[in-house]
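Notes for the one structure printed next.
The values are calculated or read from the model by the stated rules, or taken from the named source; none is laboratory data. Note that the coordinates shown come from a computational prediction; the quantities given were computed from them, not determined experimentally. Backbone-built Cβ (ideal geometry, glycine too); neighbour counts: all protein chains shown. Just the protein is used for accessible areas: all its heavy atoms, side chains included, with ligands, DNA and RNA removed. Shrake-Rupley method; radii C 1.70, N 1.55, O 1.52, S 1.80 Å.
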Amino acid sequence: MSNMRTVRVTGRGQMKIKPDMTRLTIKLEGQYEDYGETLHHSALDTDQMKDILSAFGFERTDLKTLYFVVDTEYESYKENDVYKRRFVGYKFKHTMKVEFENDNERLGKVLFALANCPLESEFKISYTVKDLQAAKNELLSKAVADAKEKADVLASAAGVTLKDIQSIDYSWGEIDFEVSPVSRAIIDEEDCPMILSNVEGYDLDIEPDDINASDTVTVIWKIV
């Protein structure tokens with residue numbers, strides 16, 4: 001086995017994918033003196049966000065939590081020419097996402113409702129693909145095909161013949177099938193009524209660019 005001759009080739013799969021899903025990532029924050037009060041307001045804000053989205057055909061379970069934390073907050077102050085820190089309360093950070101098939105009209109209405117509600121929120125619009133597994137599989141197939149094509153060229157140039165595959169090495173790393181054409185924005189509208197009937201909306205004309213994705217696989221062939 002140690003005398004076996006092999007050729008090791010890394011193939012790269014590359015493809016452009018037209019995104020068909022809109023992803024709205026929303027971050028809520030709030031600071032309060034008491035820990036329990038902080039959790040209470042976090043739950044209220046999240047529930048209100050679900051109320052907003054449910055007016056546009058979303059199920060309440062469609063809003064998925066990506067990140068949640070409650071941290072202690074301190075502020076610096078100067079006393080007798082010495083800087084000190086004092087506790088000022090607790091701050092929650094709740095990041096969530098909701099996804100839906102590309103629809104600028106629906107997106108415009110959702111953003112309009114967010115801009116006209118009392119919640120202070122930060123959001124990001126991005127685009128992805130609905131069938132992630134199919135996209136990953138196609139990318140992997142292209143990588144293997146590229147490795148085989150390169151191996152054939154090398155074998156022909158070296159005057160050898162490819163035989164059985166000895167191993168296939170794939171990292172199984174996470175591939176980012178996401179594109180973000182819209183920068184992050186902050187919604188902070190106070191005392192604005194939330195409109196849930198006869199909804200108006202922003203007239204959006206967003207055409208997301210294709211998602212450029214790539215992945216690699218390393219294949220070892222026996223050669224004779």
Looking at the range 38-50, can you tell me whether even one residue there is touching a residue at least 40 places away in the same chain (Cβ under 8 Å), of a type in the set (Lys, Arg) and open to solvent by 20 Å² or more (accessible area, probe 1.4 Å)? no
Filter pass, Thr25 being under 30 Å from Gln133 (Cβ atoms), within 19 Å of the chain's Cα centre (by Cα) and loosely packed, with under 11 Cβ neighbours inside 10 Å: no
Among all residue pairs at least 6 apart or on different chains, which show Cβ distances below 7 Å where the first residue, located in the range 8-23, is at negative phi and without any contact (Cβ under 8 Å) to a residue 12 or more places away in the chain and the second is open to solvent by 70 Å² or more (accessible area, probe 1.4 Å) and not in a strand (DSSP E or B)? none
If I ask for residues that are within 11 Å of His94 (Cβ to Cβ) and touching a helix residue (DSSP H, G or I) at 6+ places or on another chain (Cβ under 8 Å), which ones from the range 17-48 would you list? Ile26, Leu28, Gly30
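When you check Tyr83 against the structure, is it surrounded by fewer than 14 Cβ atoms within 10 Å (Cβ to Cβ), at pLDDT below 95, touching a Lys or Arg at 6+ places or on another chain (Cβ under 9 Å) and among the aromatic types (Phe, Trp, Tyr), yes or no? Give the steps one after another, and end with the answer.
Numbers: surrounded by fewer than 14 Cβ atoms within 10 Å (Cβ to Cβ): yes; at pLDDT below 95: yes; touching a Lys or Arg at 6+ places or on another chain (Cβ under 9 Å): no; among the aromatic types (Phe, Trp, Tyr): yes.
In short, no.
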Against the conditions (1) more than 16 Å from the chain's Cα centre (by Cα); (2) modelled with pLDDT of 90 or more; (3) polar (S, T, N, Q), where does Asn212 fall short? Just the number, please. (1)
Being touching a Cys at 6+ places or on another chain (Cβ under 7 Å) and open to solvent by less than 30 Å² (accessible area, probe 1.4 Å) is the filter here; which residues of the range 103-128 pass it? Cys117
Take the range 57-80 and flag every residue that is in a loop (DSSP other than H, G, I, E, B), closer than 25 Å to Leu114 by Cβ and either open to solvent by 60 Å² or more (accessible area, probe 1.4 Å) or at pLDDT below 95 (or both). Gly57, Glu59
What pairs can you find where one residue is in the range 129-146 and open to solvent by 80 Å² or more (accessible area, probe 1.4 Å), the other is hydrophobic (A, V, I, L, M, F, W, C), and their Cβ atoms are less than 9 Å apart, with a gap of 6+ or different chains? Lys130/Met21; Glu138/Met15; Glu138/Ile17; Lys142/Met15
